[in-house]
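Enquirer: So that we are looking at the same thing, I have put the structure below in structure tokens.
The values are calculated or read from the model by the stated rules, or taken from the named source; none is laboratory data. Because the structure is a prediction, the values reported are computed rather than measured. Using ideal geometry, Cβ is built from the backbone for each residue, glycine included, and neighbour counts are taken over all protein chains shown. Note: areas computed on protein heavy atoms with side chains; ligands, DNA, RNA excluded. Shrake-Rupley method; radii C 1.70, N 1.55, O 1.52, S 1.80 Å.
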Amino acid sequence: MPNYDAIILGAGAAGLMCAAVAGQRARRVLLVDHADEPGKKIIISGGGRCNFTNVNTAADRYISANPHFAKSALGRYTAADFIALVESYGIAWHEKTLGQLFCDGSAKQIVAMLLDECAKGRVDWSLGRAVTGVAHDGDDFRVSIDGRDVTAPALVIATGGPSIPRMGATGFAYDLARQFGLKVVEPRPALVPLTLGGDETLFRSLSGVAADVVASCGKTAFREAALFTHRGLSGPSILQVSSYWRHGQPVGIDFLPDRDAGWLQDAKRTTPRATLRKTLAGALPDRLAEILAERLGMTGELSALTDKKLAEAERRLSHWNFTPNGSEGYAKAEVTAGGISTADLSSQTMEAKRTKNLYAIGEAVDVTGWLGGYNFQWAWASGWAAGQVL
Ligand code: FAD
């Protein structure tokens with residue numbers, strides 16, 4: 001007789017939701033985490049206020065080898081469903097920008113809510129002890145936790161990705177996936193600052209300077225702030241494009257997205273004695289304006305520059321190409337892109353197609369959301385989908 005109906009490995013956002021839903025369906029659930037407390041990433045998320053969902057959630061805001069995979073789960077457990085849960089606990093929230101919802105108070109309220117939901121489902125816990133092995137004898141999964149074995153006919157992989165290892169993040173989900181014959185799409189750091197080297201090192205001297213830009217990588221573009229750092233580029237627009245970026249690709253920046261073509265020539269006519277630097281400083285931080293004018297090699301007055309040169313400057317300022325030499329890696333990546341291949345999972349239930357009663361949910365799966373609450377919504381939705389069928 002197995003000890004439980006389901007064992008869920010990983011008490012993060014996805015595992016907590018899945019355990020609560022299955023538990024409340026009267027399933028006997030054990031939720032296992034090697035960390036000594038659940039939901040650690042939730043607690044630090046959104047600067048401590050947890051950007052818990054996004055009202056604009058749609059599958060096209062997720063990166064995956066199969067762009068349609070997330071549709072089913074996201075369609076069945078929506079942002080509105082999570083908001084209703086949050087409101088039923090009296091947790092006050094507000095919308096910031098771009099549909100991002102945050103707690104007014106603390107991210108701890110979200111964890112407390114999920115723990116309460118788990119308690120309603122009589123979920124059992126194993127925290128602070130390492131999982132030393134997982135086996136499958138055909139009927140039951142056997143999980144060894146520090147030498148003690150527990151069994152259940154169903155197993156859920158919810159151990160996330162390796163982003164921020166100092167918080168206990170590991171690639172354990174991929175080890176388990178491979179053990180059970182599930183393919184893994186090569187994981188890579190995403191929502192991560194990019195680093196600059198070579199002759200772009202100069203831009204590092206702008207550390208702390210931010211500007212509202214359009215950053216792009218290939219055909220994907222985001223209008224949000226970019227921030228120069230002592231290692232390269234960060235800020236929301238850069239984090240967003242980093243999820244699409246591959247080594248060797250340029251990242252384009254439009255520093256003046258609101259200016260119409262010919263604006264520098266207009267400026268030359270109205271303020272001929274102004275320098276390019278001074279003109280740019282009307283729209284950009286002064287130090288950034290200085291470096292851009294320097295890099296363009298245009299230090300004199302506008303009146304001394306031909307219209308052709310000014311048109312060329314405009315073109316470069318709206319298509320400034322940086323070629324990052326890397327990213328800050330898993331140590332700084334908010335999420336991991338790639339992961340357990342969606343080709344091997346049911347999009348309805350998150351069950352492995354070839355191993356009955358094995359499930360994978362949350363960030364462990366090859367579904368990665370944009371910055372702005374999308375990753376939690378995926379964790380809730382995929383956890384809910386599996387929790388319905390365990
Ligand atoms: P996780 O939350 O990572 O949970 C995985 C769990 O598995 C962890 O508790 C871990 O301890 C456990 N685990 C790992 N390995 C093992 C093992 N070998 N044995 C046992 N247990 C193990 N997303 C948003 O939508 N909004 C935000 O505001 C936001 N802010 C973020 C801020 C930061 C700093 C970071 C790092 C991420 C943020 N994210 C945000 C992303 C979001 O936190 C993740 O996408 C989400 O937590 C994924 O949920 P998960 O349950 O799949 O994985």
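Enquirer: Would you point out the residue of segment 136-175, among those that are touching a strand residue (DSSP E or B) at 6+ places or on another chain (Cβ under 6 Å) and of a type in the set (S, T, Y), that is farthest from the ligand (Cβ to nearest atom)?
Expert: T151
Enquirer: I need the full set of residues from segment 356-369 which are in contact with a helix residue (DSSP H, G or I) (Cβ under 6 Å, 6 or more places away or on another chain), in a loop (DSSP other than H, G, I, E, B) and either within 14 Å of L74 (Cα to Cα) or of a type in the set (S, T, N, Q) (or both), in order please.
Expert: Restricting attention to segment 356-369, the residues satisfying the condition of being in contact with a helix residue (DSSP H, G or I) (Cβ under 6 Å, 6 or more places away or on another chain) are 359, 361-362, 364, 366-367, 369.
This time we only want the ones that are in a loop (DSSP other than H, G, I, E, B), so: 361, 366-367.
Hits for segment 356-369 are I361, V367.
Enquirer: Any residue at all in segment 298-307 that is under 30 Å from G168 (Cβ atoms) and modelled with pLDDT of 95 or more?
Expert: So far as segment 298-307 goes, no, none of its residues is under 30 Å from G168 (Cβ atoms) and modelled with pLDDT of 95 or more.
Enquirer: Every residue in segment 336-390 that is within 10 Å of the ligand (Cβ to nearest atom), farther than 20 Å from I8 by Cβ and not hydroxyl-bearing (S, T, Y), please.
Expert: Hits for segment 336-390 are G369, W370, L371, G372, G373.
Enquirer: Checking the conditions here, which among W378, W384 is open to solvent by 20 Å² or more (accessible area, probe 1.4 Å) and part of a helix (DSSP H, G or I)? Break it down into steps so the answer makes sense when it comes.
Expert: Values: W378 fails: open to solvent by 20 Å² or more (accessible area, probe 1.4 Å).
Result of the check over W378, W384: W384.
Enquirer: Can you run down the residue pairs with Cβ atoms below 7 Å, 6 or more apart or on separate chains, where the first is in segment 97-109 and within 9 Å of the ligand (Cβ to nearest atom) and the partner is open to solvent by 70 Å² or more (accessible area, probe 1.4 Å) and assigned to a loop (DSSP other than H, G, I, E, B)?
Expert: From segment 97-109, the pairs are F102/R49; F102/K96; A107/R49.
Enquirer: Which of the residues that make up segment 58-100 are within 17 Å of the chain's Cα centre (by Cα), farther than 16 Å from E363 by Cα and polar (S, T, N, Q)?
Expert: T97, Q100
Enquirer: Which of the residues spanning segment 306-343 are assigned to a loop (DSSP other than H, G, I, E, B) and either of a type in the set (F, W, Y) or open to solvent by 20 Å² or more (accessible area, probe 1.4 Å) (or both)? Break it down into steps so the answer makes sense when it comes.
Expert: Filtering segment 306-343 for residues assigned to a loop (DSSP other than H, G, I, E, B) gives 306, 319, 323-325, 328-334, 341.
Selection gives T306, H319, T323, N325, E328, Y330, A331, K332, E334.
Enquirer: Continuing with this model, one more query. Check R122 against each of (1) more than 19 Å from L31 (Cβ to Cβ); (2) assigned to a loop (DSSP other than H, G, I, E, B); (3) open to solvent by 60 Å² or more (accessible area, probe 1.4 Å) and name the one condition it does not meet.
Expert: In the conditions (1) more than 19 Å from L31 (Cβ to Cβ); (2) assigned to a loop (DSSP other than H, G, I, E, B); (3) open to solvent by 60 Å² or more (accessible area, probe 1.4 Å), R122 misses (1) alone.
Enquirer: Kindly list, by first and then second residue, each pair from a residue in segment 1-15 that is closer than 13 Å to R27 by Cβ to a residue that is assigned to a loop (DSSP other than H, G, I, E, B) and of a type in the set (A, V, I, L, M, F, W, C), limited to pairs with Cβ atoms under 9 Å and residues at least 6 apart or on different chains.
Expert: Hits for this filter: D5/A26; D5/L390; A6/L390; I8/V123; I8/A158; I8/I361; I8/L390.
Enquirer: Being under 25 Å from Y330 (Cβ atoms) and part of a loop (DSSP other than H, G, I, E, B) narrows it down to one residue among G138, G161, G181; which is it?
Expert: Result: G161 is the single residue among G138, G161, G181 that is under 25 Å from Y330 (Cβ atoms) and part of a loop (DSSP other than H, G, I, E, B).
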